[in-house]
2 protein chains.
Amino acid sequence: MNTTLSNAQIMDMEHRKRAQLINSISGFRSVALIGTIDTQGQTNLAIFSSIVHLGSNPPLLGFIMRPDSVERHTLSNIMETGHYTINHIHQKMYEQAHQTSARYPKTMSEFDATQLTPLFKEGFMAPFVAESYIQLGMEFKERIEISINQTSMIIGEIKWIHFPDHCLSEDGFLDIEKAGSITSTGQDSYHTTQLLQRLEYAKP
Amino acid sequence: MNTTLSNAQIMDMEHRKRAQLINSISGFRSVALIGTIDTQGQTNLAIFSSIVHLGSNPPLLGFIMRPDSVERHTLSNIMETGHYTINHIHQKMYEQAHQTSARYPKTMSEFDATQLTPLFKEGFMAPFVAESYIQLGMEFKERIEISINQTSMIIGEIKWIHFPDHCLSEDGFLDIEKAGSITSTGQDSYHTTQLLQRLEYAKP
């Protein structure tokens, strides 16, 4: 049997229930850890599940930032330094990754709180997550305000990519499943994946 | 062994290879079919893998639209009618879903071309996909231009949700894996999922 809910019924739901439903209905999510540092050297690490591909030339990714969330240290650090990292999450670290969503004070780095390891390389200012197999070094480009609900999209350009050799195909496709990257749904559900198939470029 | 690529190396790649790499590096994607109709009654169906949750109160989703793509009929129909549907994809229909990305002329509906079934209900103007288990009826709210690479984010509010009863949890979480929804990576890779765990709300 199927259930139908109207907008009015959705708006009448208790707010945590509605948040669970609407967060899960958007589909599987690009979940990753965003690493930053402030100009005093204080690191921060936060989980985001709204990373979206914007284009390949130049290589741009966006993510959505809520105004009142624990992610605020991420935003202030990006604004201070212009740099951040995006680090894929795998099966052996998703519990630590989820734990970064707790409201720690700014003086407590989520790296310390979750025992994930900050990794600095290539003279890049922001910390990578050593445990991650796929790591991106990002340069801030633009913040777009989404006035309808006071969120922002943060847009950055990919400056560095680190990945395991054996995951790269001849045609440029990176097999992130082979690298163990996972996906999430809703606010708290984590999933591994199983390849169905890569399909050919579709023609009429 | 690991590979490191700099921005300059990425920009030097052959463009199709770069597109494959950058499309796969953003993580697993929210992939779904967007159904629309024009004021003449001509339906359109297109696959999108950039759907992103923007907020629950009101319930808002966004997706990214490229200016020069086959998705242009989707955009013009949304602008004409103000409505569209988002339909999850499952294992028995992903090949048809992928086929909607072929460049059909506007007079050829992708519903006909792929033998997916348009479904009209609740007086809602845009067609749902009958084969999909999770279907959303959306009302257009706002188009945000992303000038850095001439893409747009289309923002809509959820007006109707249809889903199988047995997928809804007590706390509002909708188990889209149980509903058979799949995810994608890159431009052409489709994946089922396997639950690791739902985690508790994280506290310091």
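Rounded to the nearest Hz, the phi-derived 3J(HN,Hα) couplings of region A:21-33 under the Karplus curve 6.51 cos²θ - 1.76 cosθ + 1.60 (θ = phi - 60°) are 5, 5, 5, 8, 6, 6, x, 5, 10, 7, 9, 7, 9, where x marks glycine and proline. P(r) tail for region B:1-91, what percent of Cα pairs lie past 21 Å? In whole percent, the share of Cα-Cα pairs in region B:1-91 beyond 21 Å is 47. Excluding B:A179 itself, what net charge comes from residues whose Cβ is under 15 Å from its Cβ, given Lys and Arg +1 and Asp and Glu -1? Computed value for this residue: -2.
Here is the interface size for A with B: some 8800 Å² of accessible area buried, both sides summed, with a 1.4 Å probe.
Set against the 2.2 N^0.38 Å expectation for a compact globular protein, the protein assembly as shown has a Cα radius of gyration ratio of 0.93. Across chain A, the convex hull enclosing all Cα atoms gives 179 Å³ per residue. Per residue, the protein assembly as shown exposes 40 Å² of solvent-accessible protein surface, assessed with a 1.4 angstrom probe and all protein chains in place.
Could you give the length gained on full extension between B:F120 and B:S6, defined as 0.36 nm per residue of separation minus the Cα-Cα distance, in nm?
Gain on extension, B:F120 to B:S6, equals 36.1 nm.
What range in chain B is the longest one free of GluC sites (Glu not before Pro) that are in a loop by DSSP and have at most 13 other Cβ atoms within 10 angstrom? Between the exposed loop sites, the longest stretch runs B:15-121.
Each residue of region A:191-202 was assigned a 3J(HN,Hα) from its phi angle through the Karplus curve 6.51 cos²θ - 1.76 cosθ + 1.60 (θ = phi - 60°); the sequence is 9, 7, 10, 9, 4, 7, 4, 8, 9, 6, 3, 7 Hz, with glycine and proline shown as x. Measuring r between the beta carbons of B:M79 and A:M108 and using R0 = 35 Å, the FRET efficiency lands at 0.15. Net charge within 15 Å of B:H83 by Cβ-Cβ distance, Lys/Arg positive one each and Asp/Glu negative one each, not counting B:H83 itself? Computed value for this residue: -2.
Working note: Karplus 6.51/-1.76/1.60 with θ = phi - 60° gives region A:154-164 the couplings 9, 10, x, 9, 6, 9, 9, 10, 10, 7, x Hz, where Gly and Pro are set to x.
Roughly how many percent of the accessible protein surface of chain B is carbon and sulfur, given a 1.4 Å probe and a whole-percent answer? On chain B, the fraction of accessible area on carbon and sulfur atoms equals 49 percent.
The values are calculated or read from the model by the stated rules, or taken from the named source; none is laboratory data. It should be emphasised that the depicted structure is a prediction, and the values quoted were computed from it without experimental measurement. Neighbour counts run over all protein chains shown; Cβ positions are idealised from the backbone, glycine included. Just the protein is used for accessible areas: all its heavy atoms, side chains included, with ligands, DNA and RNA removed. Shrake-Rupley method; radii C 1.70, N 1.55, O 1.52, S 1.80 Å.
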